[in-house]
Amino acid sequence: MLNWLYSLFTIAFSVFLYVVLNDRKLSRLPPAAEALSPVRFTPQGALAAAVALSEAPIAIDNFLPPKTGRRYIVVGGTGFVGGWIVLQLLRRGEDPKRIRILDIRTPTRPDLRTGAAQQVAFFQVDISDEQAVSKAFKAPWPDPAATEREPETTVFHTAANIRFYERLLALLPRSTQVNYHGTLNVVNSSKEIGASTLIYTSSGSIAVRCSRFWLWPWEKEPQFFVQVLNDDDDLTPKHHDHFFSNYAASKALGEKAVRAADKSPSGQSRTLRTGCIRPGNGTFGPGGDILCGAYLVRRDNPHWVKHILQSFIYVENCALAHLCYEQRLMEVERGSSNPDIGGQAFIVTDAGPPPTYGDVHIALTTLDNETVFPVFSTTFMLGISHIIEIIYSTKALLLASKSSFGHLVANVIPTIAGDTVNLQPSLFALTSVHLIFDDSRARLPPHQGGLGYNGPYTTLQGLCKTAEEHLKADRNGEERSKAGGISFGMFSKRVNKVQKVSEQLRVEAVNSLN
């Protein structure tokens, strides 16, 4: 009996020791990453930035390319990035009657249901339905003035199925149905109507290499723990298992299709010019994000990535990059001497050094005292994620099979509900590695082959704007934000903040944003 108890104790202690040591390795900020961003956010700095932004708001109008008078089709235009593209088109003076939104969901964002946005035509379309996409593209537009030429058409394709939690090759069709085949439908319909420009929202994550987090005792850190990524296509994985998830693999296929369509015939007499924007890993901001805005909406945010350094991009910067690419392609088609950058992909991020997730947490807890970040063990949650993946994937594969017995067994397996589905190993492959995105090529002036992109918001300013809009909306966020991150529904009652900030700072932060 004593021997059995001793063995059990030894095993339990060994597991505990492994978890502690593995957590220590996974929570490191390696010198190679820290050297790229040595300064951390502080509550005082976050508050000062919020006050400065409220006193002197950034005028995005000063950075928008000029009005074109074109027709615009925004695929995914009721969503996050697509919605901001629509708003920026309207801000620079485009006629709302010349803007068309295609999306599977009707508009819910208040900013898309007020003002000039109310005049934008909406077509409810599943882009995986080829005929539905073609019909929506070909629907009649209001006739142009008698003295006016038929306007050219630009297509912004931002729609995606973000199933980042799936990684099994057998489940890839769940992602490619929209992200690849849907993209092909958009490309083909663009050609059918004679569109001249197509800008696609790709993803910086397509270049993220999958890592292993169960480390041997002699290993100091995971492989690919620090990844510095740029636009180089050689960085994109060549094998499915090297992508961090099916989402990245399917977005890479979609990007390839868009880039291959550059300079292809469009309509009866036009040529389609294309380009891709790869937002640096985390796109966030007001309007329904699944990252920082989701933190505020969810309020209780279990986390284990405090020391992880990653590039972010504020959504208005991201939308601006799409308009910059359109302008560059228009200039080339009009005979500009600038290098032809059609058919390429550009990474874009916020200016300045990337923050850690801990920096983001400090900013948000300072600006909204109801947002908290309880700390969990990385290794423990990694173990839980594998259990969830087994349950989720087994049920999905059985339901996809043609076996009636398989379906019977699948019905017995519990359904992973809510945001718990996000807690699978793919989440760690994306959020537990240091990702530094280099957008220097996008920032080059047009005559040097760049987009001339200069997003005015820093990440800290974007966080301040996100918190400001959240508080203005009485903390009622978009439904889409509730699908991001992890909460488990475990924190039904308000809990004390993990990262303490003085009560005075909290009051000042709320007052300054109001």
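The values are calculated or read from the model by the stated rules, or taken from the named source; none is laboratory data. All figures in this text were calculated on a predicted structure; none of them were measured in a lab. Cβ placement follows ideal geometry from the backbone for every residue including glycine, while neighbour counts extend to all protein chains displayed. To get the accessible areas, we keep the full protein, side chains included, count just its heavy atoms, and leave off ligands, DNA and RNA. Shrake-Rupley method; radii C 1.70, N 1.55, O 1.52, S 1.80 Å.
Does segment 267-282 hold any residues that are open to solvent by less than 30 Å² (accessible area, probe 1.4 Å) and of a type outside the set (D, E, K, R), and which are they? Don't jump to the end; show me each part of the working.
Start the filter on segment 267-282 by keeping residues that are open to solvent by less than 30 Å² (accessible area, probe 1.4 Å), which leaves 272-280, 282.
Result: L272, T274, G275, C276, I277, P279, G280, G282.
Give A261, A252 a once-over and let me know the one that is in contact (Cβ under 8 Å) with a residue 60 or more places away in the chain, farther than 24 Å from E316 by Cβ and open to solvent by less than 30 Å² (accessible area, probe 1.4 Å).
On the way: A252 fails: in contact (Cβ under 8 Å) with a residue 60 or more places away in the chain.
Being in contact (Cβ under 8 Å) with a residue 60 or more places away in the chain, farther than 24 Å from E316 by Cβ and open to solvent by less than 30 Å² (accessible area, probe 1.4 Å) holds for just one of A261, A252, which is A261.
Is it the case that S440 is surrounded by fewer than 21 Cβ atoms within 10 Å (Cβ to Cβ), under 24 Å from I206 (Cα atoms), small (G, A, S) and under 20 Å from the mean Cα position of the chain (by Cα)?
Answer is yes for this residue.
Among the residues of segment 24-38, which ones are open to solvent by 30 Å² or more (accessible area, probe 1.4 Å) and in a helix (DSSP H, G or I)?
Kept after step one, since they are open to solvent by 30 Å² or more (accessible area, probe 1.4 Å), are these residues of segment 24-38: 24-25, 27-29, 31-32, 34-36, 38.
Result: R24, K25, P31, A32, E34.
Could you tell me how many of the residues in segment 405-436 are open to solvent by less than 10 Å² (accessible area, probe 1.4 Å) and either closer than 17 Å to P353 by Cβ or in a loop (DSSP other than H, G, I, E, B) (or both)?
Within segment 405-436, residues that are open to solvent by less than 10 Å² (accessible area, probe 1.4 Å) and either closer than 17 Å to P353 by Cβ or in a loop (DSSP other than H, G, I, E, B) (or both) number 6.
Could you please tell me which pairs satisfy a Cβ distance under 7 Å, a separation of 6+ or placement on different chains, a first residue in segment 142-171 that is without any contact (Cβ under 8 Å) to a residue 40 or more places away in the chain, and a second residue that is part of a loop (DSSP other than H, G, I, E, B) and open to solvent by 60 Å² or more (accessible area, probe 1.4 Å)?
These pairs meet every condition: P144/E150.
Out of the residues in segment 107-155 meeting the condition of being hydroxyl-bearing (S, T, Y) and open to solvent by 50 Å² or more (accessible area, probe 1.4 Å), tell me which one is nearest to G254 (Cα to Cα). Let's see the steps before the verdict.
Applying the first criterion (hydroxyl-bearing (S, T, Y)) to segment 107-155 yields 108, 114, 128, 134, 147, 153-154.
Now restrict to residues that are open to solvent by 50 Å² or more (accessible area, probe 1.4 Å): 108, 114, 147.
Working: T108: 27, T114: 33, T147: 39 Å.
Residue satisfying both the conditions and the ranking: T108.
Test of understanding: among G335, G280, G342, G352, which residue is of a type outside the set (S, T, N, Q) and out of contact with any strand residue (DSSP E or B) (no Cβ under 7 Å at 6 or more places or on another chain)? Write out each step before concluding.
Numbers: G280 fails: out of contact with any strand residue (DSSP E or B) (no Cβ under 7 Å at 6 or more places or on another chain); G342 fails: out of contact with any strand residue (DSSP E or B) (no Cβ under 7 Å at 6 or more places or on another chain); G352 fails: out of contact with any strand residue (DSSP E or B) (no Cβ under 7 Å at 6 or more places or on another chain).
Of the residues listed, the single one that is of a type outside the set (S, T, N, Q) and out of contact with any strand residue (DSSP E or B) (no Cβ under 7 Å at 6 or more places or on another chain) is G335.
Please list, ordered by first then second residue, the pairs with beta carbon atoms under 6 Å, 6 or more apart or interchain, first in segment 7-25 and under 22 Å from E219 (Cβ atoms), second outside any helix (DSSP H, G or I) and open to solvent by 60 Å² or more (accessible area, probe 1.4 Å).
Short answer, once both residue conditions are applied: K25/E221.
Which one is surrounded by the fewest Cβ atoms within 10 Å (Cβ to Cβ), of the residues in segment 311-328 that are of a type outside the set (A, V, I, L, M, F, W, C) and touching a helix residue (DSSP H, G or I) at 6+ places or on another chain (Cβ under 7 Å)? It would help to see each step written out before you state the result.
Kept after step one, since they are of a type outside the set (A, V, I, L, M, F, W, C), are these residues of segment 311-328: 311, 314, 316-317, 322, 325-328.
This time we only want the ones that are touching a helix residue (DSSP H, G or I) at 6+ places or on another chain (Cβ under 7 Å), so: 314, 316, 322, 328.
Values: Y314: 32, E316: 23, H322: 30, R328: 28.
Looking at residues that are of a type outside the set (A, V, I, L, M, F, W, C) and touching a helix residue (DSSP H, G or I) at 6+ places or on another chain (Cβ under 7 Å), I get E316.
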